[in-house]
Amino acid sequence: MGAWRSYRLRLQRKRWRIRAFRKRRELAEIANRTAAIKPKDILVFSTLRNERIRLPFFLKYYRDMGVNHFVIVDNNSDDGSREYLADQPDVSLWTADASYKRARFGVDWLNWLQLKYAHGHWCLVVDPDEFLVYPFCDTRPLRALTDWLDASSIKSFGAMLLDMYPKGPMDAQPYREGQDPFEIASWFDSGNYMVEKNSKFGNLWIQGGPRTRAFFYDNPERAPALNKVPLVKWDRSYAYVSSTHMVLPRGLNLVYDEWGGEKASGCLLHAKFLDTFSAKAAEELERRQHYAGSHEYRAYHQHLKDDPDLWCKWSEKYINWRQLEILGLMSKGNWA
């Protein structure tokens with residue numbers, strides 16, 4: 001990479017950090033328990049709106065994995081999410097009534113909170129419908145992974161977003177509060193993915209899966225990106241650029257091996273497609289707070305009228321992380 005491009009990326013990173021500093025004024029503190037964070041704690045950062053029904057399982061999942069503290073921004077929920085989170089002893093909560101879109105879809109808010117509270121910590125940035133699976137996650141806590149990454153001088157860990165879905169119509173099985181969503185959305189696409197390298201940021205750009213074939217089949221290049229760098233040993237000089245798709249400095253995006261080997265990686269099981277999805281899509285389309293004029297939610301709304309069944313004859317039923325490794329969707333690399 002040339003010196004000029006490197007210089008421009010450093011300037012961009014500085015700009016995102018300055019922007020995050022300015023956007024801090026949009027955050028109102030509800031419950032700040034960050035004084036309880038210990039030096040070795042693993043943290044989750046998340047932005048959400050109206051996810052009350054998902055929160056009990058989301059918090060339990062990551063607590064069981066070994067997460068010590070949650071730092072959350074609630075974007076003007078009116079379904080009880082804010083009140084529920086404020087009562088959780090391991091959650092620090094801020095609220096933002098300002099535009100999600102003008103905060104770069106929440107990235108500015110989280111960049112600020114990470115700058116202030118995450119320095120020196122392993123941080124996982126996920127939505128309430130994203131659930132990390134990593135090599136040996138059935139027998140080893142997240143701390144084992146981060147300790148290995150530390151010992152290997154690796155500062156970031158990549159994960160492909162894997163859209164999960166039910167067999168049959170999405171509204172056939174109602175989701176209950178506290179339920180494991182993958183009891184319902186237990187299927188995924190084992191193939192049908194397109195991968196290319198982003199020359200500017202060095203990250204892979206992955207598209208495909210059920211959202212492409214069901215909602216963007218006529219315009220696949222506009223399908224949502226599935227590449228993520230959700231787990232980073234944070235430094236206050238870092239900044240996410242676009243969700244967790246890419247981060248600066250650029251080297252944190254190199255979570256793959258270009259020379260024929262494999263770096264350890266995981267998957268984010270994405271529990272979007274439950275019976276709650278239609279109402280959520282309609283709400284987000286009306287709010288118009290998402291990327292590119294909410295074109296993603298326009299596509300959802302248009303095709304949901306046909307009550308689509310995302311299951312197809314190539315669908316695979318989820319078993320465990322080893323299955324995902326065999327299919328080439330994640331890798332244990334040289335972590336044994």
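A few comments on the model shown:
- Leading residue at positive end of dipole, the chain (Cβ point charges), from TYR61, HIS245, ALA282: HIS245
- Comparing mean-square fluctuations of GLU26, GLU258, GLU130 from a GNM of the chain with C-alpha springs under 10 Å, the top value falls on GLU258.
- Using the alpha carbons alone, the radius of gyration of segment 1-98 stands to its Kirkwood radius in an Rg to Rh ratio of 1.09.
- Sites ILE326 and ALA3, calculated FRET efficiency, Cβ-Cβ separation with R0 56 Å, nearest 0.05: 0.85
- Per-atom-type breakdown for the chain gives carbon and sulfur 49% of the accessible area (1.4 Å probe, protein chains only).
- Segment MET194-GLU29, extension gain: residue separation times 0.36 nm, minus the distance between their alpha carbons: 55.3 nm
- Taking all Cα pairs closer than 8 Å and separated by 6 or more residues, the relative contact order of segment 200-241 comes to 37 percent.
- The residues of the chain have, on average, 45 Å² of accessible surface per residue, using a 1.4 Å probe with all protein chains present.
- Largest accessible area first, the listed residues LEU269, LEU27 line up as LEU27, LEU269 when surface is computed with a 1.4 Å probe on the assembled protein chains.
- In segment 219-288, Cα pairs under 8 Å separated by at least six residues give a relative contact order of 17 percent.
- Computed about its Cα centre, the charge dipole of segment 174-271 is approximately 360 debye, with only Lys, Arg, Asp and Glu carrying charge at their Cβ.
- Unit charges at the beta carbon, dipole of segment 1-104: most positive-side option, PRO39, ALA103, ASN76: ALA103
- Using the alpha-carbon positions of the chain, Rg (one decimal) and Dmax (whole number) come out as 19.0, 55 Å.
- Part-to-part distance (alpha-carbon centres) for segment 189-221 and segment 66-95, which is given in Å: 32
- Kirkwood-type radius of segment 45-108, with distances r between different C-alpha atoms, in Å: 12.1
- Calculated FRET efficiency for the pair SER153/LYS38, C-beta based, R₀ 25 Å, to 0.05: 0.65
The values are calculated or read from the model by the stated rules, or taken from the named source; none is laboratory data. The structure presented is a predicted model; accordingly, all values stated were derived computationally and were not measured. So basically every Cβ, Gly included, is an ideal-geometry build from the backbone, and we count neighbours across all protein chains shown. Areas reflect the complete protein model, heavy atoms only, side chains present, ligands, DNA and RNA absent. Shrake-Rupley method; radii C 1.70, N 1.55, O 1.52, S 1.80 Å.
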